[in-house]
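J.: Quick one: structure below, then a few questions.
The values are calculated or read from the model by the stated rules, or taken from the named source; none is laboratory data. All figures in this text were calculated on a predicted structure; none of them were measured in a lab. Positions of Cβ are generated from backbone atoms using ideal geometry, with glycine treated the same way; all protein chains shown enter the neighbour counts. For the accessible areas, the whole protein counts, side chains as well, though only heavy atoms, and no ligand, DNA or RNA atoms are used. Shrake-Rupley method; radii C 1.70, N 1.55, O 1.52, S 1.80 Å.
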Amino acid sequence: TRYPSAVAWRIDGESMSPRYRDGDLVITSDKHPAVAGHPCVARQSGQIGVNCKIYQESGREVLLIPINEACPVQRFPRKQLMWAWRVLFSVRLNTR
């Protein structure tokens, strides 16, 4: 298989709308780290769960930037970043 360590994450909320909607799935792999300016799934120490946002670095900080401008940017010290994996694919399920 091409992505043996792939993981699917369900989007919860509207922070990445309209690109990803609540209930969509994004696929990541620990073999593909986050790339600046691209969507990622990231985990930071002291936080419950993960975030799907646009990855950016600024000096010693990590910024997780939502597409939906109504949602806040998350800024935190790079040392708090446990991991960040680039979104490789997304899936929108037909939920009728």
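J.: Name the long-range amide H neighbours of Gly13: under 5 Å, sequence gap of 5 or more, or other chain; modelled H, no Pro or chain starts.
T.: Asp22, Gly23
J.: Output the Kirkwood hydrodynamic radius of the chain, Cα pairs only, in Å rounded to one decimal.
T.: 13.6 Å
J.: Filter the GluC sites (Glu not before Pro) in the range 14-94 to those in DSSP coil with at most 11 other Cβ atoms within 10 Å of their Cβ, and list the result.
T.: Details: sites: Glu14, Glu57, Glu61, Glu69; in loops: Glu14, Glu69.
Those that pass, being in a loop and sparsely packed, are Glu69.
J.: So, one more: How large is the charge dipole for the chain, taken about the Cα centre, if only the Cβ atoms of Lys, Arg (+1) and Asp, Glu (-1) carry charge, to the nearest 20 debye?
T.: Using only the charged Cβ atoms, the result is roughly 240 debye.
J.: Give the residue list of trypsin sites (Lys or Arg not before Pro) in the range 1-71 that are DSSP loop and have at most 13 other beta-carbon atoms within 10 angstrom.
T.: The qualifying sites are Arg2, Arg21, Lys31, Arg60.
J.: Still on this structure, I have one more. On the accessible surface of the chain, probed at 1.4 Å, how many percent belong to carbon and sulfur atoms? Walk me through the numbers before you get to the answer.
T.: Numbers: 3070 of 6180 Å².
Answer for the chain is 50 percent, counting heavy atoms of protein chains only.
J.: Check which residues have an amide H placed less than 5 Å from Glu61's amide H, if you skip close sequence neighbours.
T.: Arg78
J.: Here is a further query. If I take R0 = 25 Å and measure r between the Cβ atoms of Ser5 and Gln80 in this structure, what FRET efficiency does the formula 1/(1 + (r/R0)^6) give, to the nearest 0.05?
T.: 0.60
J.: With a 1.4 Å probe and every protein chain left in place, work out the accessible area per residue of the chain in Å², rounded to a whole number.
T.: Per residue, the chain has 64 Å² of solvent-accessible surface.
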